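The values are calculated or read from the model by the stated rules, or taken from the named source; none is laboratory data. Nothing here was measured: the structure is a model prediction, and the numbers come from that model. Glycine also receives a Cβ, built like all others from the backbone with ideal geometry; neighbour counts cover every protein chain displayed.
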Ligand SMILES: Nc1ncnc2c1ncn2[C@@H]1O[C@H](COP(=O)(O)OP(=O)(O)OP(=O)(O)O)[C@@H](O)[C@H]1O
Ligand SMILES: [Mg+2]
């Protein structure tokens, strides 16, 4: 018997009140993969991640973690199973220092991630250790948001549009750091509008439009079919 994928989203329908946003979204992420969820503004990328995290439970469908349905569980319990969410709005504590932001996020003792290890990945944060979160640049805040989530020792990292609003050079640098996380074996689900940034990291791609999956395949298959990009991702 083969092991189930780490995460399997099965036919989820999610709405905000009367407004239906997801219409039967299914996707899988196997251990060690980097999977990208690509799509334009407002198609349901964040809602998919919020559904996985339990922040907006699905009206129908299942979210399986290692085979077990976790849909409907509260977010803190889902986080404790080993799913770390890096939200697009970078909710760091502005009044706390970088070091304190990391300390608050620490979960238990003896995990893989320590302050020293996140500083190895993000050397800039070591320099900024005593600086208040609120005064950091957008790129530095994004690093801190990722670093803070790593302190919870997730098995799966959900990254919601990490490149949004950042300068090209900062985006490039961030891509290298996420690439390092992937090479170290962390499993990643990345939601993005930035296709080039995503393809540099992705093993597989799902394209979402109006709450439905319109394409799924390897990064290579996506690259080779220019029409998908034209149809669902061109501005
Ligand atoms: N809290 C909410 N209440 C009502 N509607 C919402 C809420 N959050 C999102 N929506 C709507 O759900 C739809 C999908 O939004 P979602 O944030 O999932 O898209 P997205 O793909 O992440 O977009 P973006 O690239 O802009 O982040 C949009 O039409 C949005 O207006
Ligand atoms: Mg979003």
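Annotations
- Only one entry in 120, 140, 95 is free of Cβ contacts under 8 Å to residues at least 60 places away in the same chain and within 25 Å of residue 37 (Cα to Cα), namely 140.
- Any hit, the stretch 203-225, residues being free of Cβ contacts under 8 Å to residues at least 40 places away in the same chain, in contact with a helix residue (DSSP H, G or I) (Cβ under 9 Å, 6 or more places away or on another chain), under 23 Å from residue 51 (Cβ atoms) and surrounded by fewer than 17 Cβ atoms within 10 Å (Cβ to Cβ): yes
- Residue check, residue 175 more than 16 Å from ligand 2 (Cβ to nearest atom), in a helix (DSSP H, G or I), within 22 Å of residue 228 (Cβ to Cβ) and at pLDDT 95 or above: yes
- Matching residues in the stretch 100-127 - criterion: being under 25 Å from residue 167 (Cα atoms) and surrounded by fewer than 20 Cβ atoms within 10 Å (Cβ to Cβ): 119, 120, 121, 123, 124, 126, 127
- For the stretch 51-67, the criterion of being part of a loop (DSSP other than H, G, I, E, B), within 15 Å of ligand 1 (Cβ to nearest atom) and surrounded by fewer than 15 Cβ atoms within 10 Å (Cβ to Cβ) is satisfied by at least one residue.
- Any hit, the stretch 44-56, residues being in contact (Cβ under 8 Å) with a residue 60 or more places away in the chain, under 23 Å from residue 210 (Cα atoms) and away from ligand 2 (no atom under 16 Å from the Cβ): no
- Enumeration of residues in the stretch 178-195 that are more than 16 Å from ligand 1 (Cβ to nearest atom) and either outside any strand (DSSP E or B) or free of Cβ contacts under 8 Å to residues at least 60 places away in the same chain (or both): 178, 179, 180, 181, 182, 183, 184, 185, 186
- Test: residue in the stretch 120-128 that is in contact with a strand residue (DSSP E or B) (Cβ under 9 Å, 6 or more places away or on another chain), modelled with pLDDT of 95 or more and closer than 28 Å to residue 48 by Cα: no
- Residue within the stretch 74-84 that is within 16 Å of ligand 1 (Cβ to nearest atom), within 23 Å of residue 48 (Cβ to Cβ), touching a helix residue (DSSP H, G or I) at 6+ places or on another chain (Cβ under 6 Å) and part of a helix (DSSP H, G or I) present: yes
- Top-ranked residue of the stretch 1-39 - restricted to ones that are within 16 Å of the chain's Cα centre (by Cα) and in a loop (DSSP other than H, G, I, E, B), ranked as surrounded by the most Cβ atoms within 10 Å (Cβ to Cβ): 39
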